[in-house]
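Colleague: This is the structure I want to talk about, given as structure tokens.
The values are calculated or read from the model by the stated rules, or taken from the named source; none is laboratory data. Nothing here was measured: the structure is a model prediction, and the numbers come from that model. When we count neighbours, we look across all protein chains shown, and the Cβ atoms used for this are built from the backbone with ideal geometry, even at glycine. Surface accessibility is based on the protein's heavy atoms, side chains included, excluding ligands, DNA and RNA. Shrake-Rupley method; radii C 1.70, N 1.55, O 1.52, S 1.80 Å.
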Amino acid sequence: MSLTPRARHKGFLHPTTLLLHPQFGDLADFMRSLPQRMKQGEGTVIHKGRNELRLMDCGNRQLVVKAFRQPNVVNQFVYGTLRPSKAKRSYDNAMLLLSLGIGTPQPVGYYNLRGLLGLRFDLSYYVSLRSVCTHRYQELFERHFDYEEDVLRAIGRLTAKLHDNRLAHKDYGRANILFERQPDGEILLELVDLNRMAVGPLDVRAGCKNFERLPATPQMHRWMAEAYAEARGFDADECYRLMTAFRATQDGKIDGKY
């Protein structure tokens with residue numbers, strides 16, 4: 001994976017770090033204006049919870065801006081001195097996935113703001129292009145897709161590819177897998193919310209546990225298990241048993257589809 005250039009903007013009390021993908025060098029001013037844009041409520045809210053996602057237009061580009069909430073006092077110093085920001089981790093993980101041929105919206109860059117001479121972390125923003133996928137996994141529970149099986153099997157294969165590369169998405173939930181059926185019938189998948197990725201070997205048990213936050217009917221689990229097992233050389237029945245068992249312990253129940 002090639003390194004991308006980093007531009008540092010240092011003020012006495014509030015040093016900042018801006019990194020842009022080489023394709024988006026013209027967006028430096030936009031990135032630096034994000035705190036004010038968010039404060040003014042610019043763009044369309046996609047999600048608002050612990051963190052906030054907004055869709056913003058910049059020229060002929062549609063950008064998704066993720067604003068991470070300010071850490072608590074202890075973590076302000078942890079992120080200020082010891083750990084990379086969530087925005088940086090999101091960018092780095094997106095670049096890593098793309099280098100492995102795993103889909104995620106094209107990363108644009110990230111912007112960190114610090115206080116107290118750079119020792120205390122304040123705010124961070126991660127920006128990507130808008131995904132080309134128009135559906136999320138959760139929509140499988142909201143409407144009928146006549147290609148649902150293809151989507152689930154594609155998810156099984158994509159997860160296997162992640163795990164074969166010693167990666168596990170730690171927020172592998174219904175809102176973080178995007179899909180689209182292409183004109184040739186192939187299923188395009190993209191992963192989002194990438195600031196938490198585990199790195200290390202994943203055997204059959206650990207691999208199947210990574211599916212536990214994805215609600216599924218028995219048939220949905222069966223399709224994912226078969227594709228996952230085939231891709232990794234595991235036993236499909238064992239994968240199905242493990243997936244359903246791990247999901248059953250998530251909040252004490254398996255979500256029904258209907």
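Colleague: Mind jotting down the three principal axis lengths of segment 194-236 based on Cα atoms? Whole angstrom, largest first.
Modeller: Extents along the principal axes: 30, 24, 15 Å.
Colleague: Another question, then. Report the calculated FRET efficiency for LEU188 and ASN51 (r = Cβ-Cβ distance, R0 = 25 Å), to the nearest 0.05.
Modeller: Once the sixth-power term is evaluated, E becomes 0.50.
Colleague: At 1.4 Å probe size, with no ligands or nucleic acids counted, give the accessible surface of HIS47 in Å², nearest ten.
Modeller: Rounded to the nearest 10, that gives 100 Å².
Colleague: Ranked by accessible surface with a 1.4 Å probe, highest first, in what order do MET197, MET224 come?
Modeller: My answer, sorted largest first, is MET197, MET224.
Colleague: A further question on this structure: Under a no-solvent Debye model with one identical scatterer per Cα of segment 108-258, what's log10 I(q)/I(0) at q = 0.17 Å⁻¹?
Modeller: With one equal scatterer per Cα and no solvent, log10 I(q)/I(0) is -0.98.
Colleague: Right, here's the next one. Where Lys and Arg each count +1 and Asp and Glu each count -1, what net charge lies around PHE179 among other residues with Cβ under 14 Å from its Cβ?
Modeller: Net charge in that neighbourhood comes out at -3.
Colleague: Multiply the residue gap between ALA236 and ARG143 by 0.36 nm, knock off their C-alpha separation, and tell me the result in nm, one decimal place.
Modeller: So the chain would gain 30.7 nm between ALA236 and ARG143.
Colleague: May I ask which of LYS86/LYS209; LYS48/LYS86; LYS48/LYS170; LYS86/LYS161; LYS86/LYS170 have a Cα-Cα span longer than 22 Å here?
Modeller: LYS86/LYS209; LYS86/LYS161
Colleague: Using a 1.4 angstrom probe with every protein chain in place, what is the largest-first accessible-area order of VAL204, VAL199, VAL132?
Modeller: VAL199, VAL132, VAL204
Colleague: Report the net charge of residues surrounding MET243, where surrounding means a beta-carbon distance below 10 angstrom and charges are Lys +1, Arg +1, Asp -1, Glu -1.
Modeller: +2
Colleague: Return the loop-located GluC sites (Glu not before Pro) in segment 150-258 (DSSP other than H, G, I, E, B) with at most 14 other Cβ atoms within 10 Å of their own Cβ; answer none if there are none.
Modeller: Listed in order of number, the matching sites are GLU186.
Colleague: Provide the net charge surrounding CYS133, with neighbours chosen by a C-beta distance below 12 Å and charges set as Lys +1, Arg +1, Asp -1, Glu -1.
Modeller: Around CYS133, the surrounding residues sum to 0.
Colleague: Let me ask you something else. Could you do me a favour and compute the accessible area per residue for segment 120-246, 1.4 Å probe, result in Å²?
Modeller: So segment 120-246 comes to 44 Å² accessible per residue, rounded to a whole number.
Colleague: Follow-up question, since we're still on this one. Can you pull out the chymotrypsin sites (Phe, Trp or Tyr not before Pro) in segment 118-209 whose DSSP state is coil and whose Cβ has at most 16 other Cβ atoms within 10 Å?
Modeller: PHE145, TYR147
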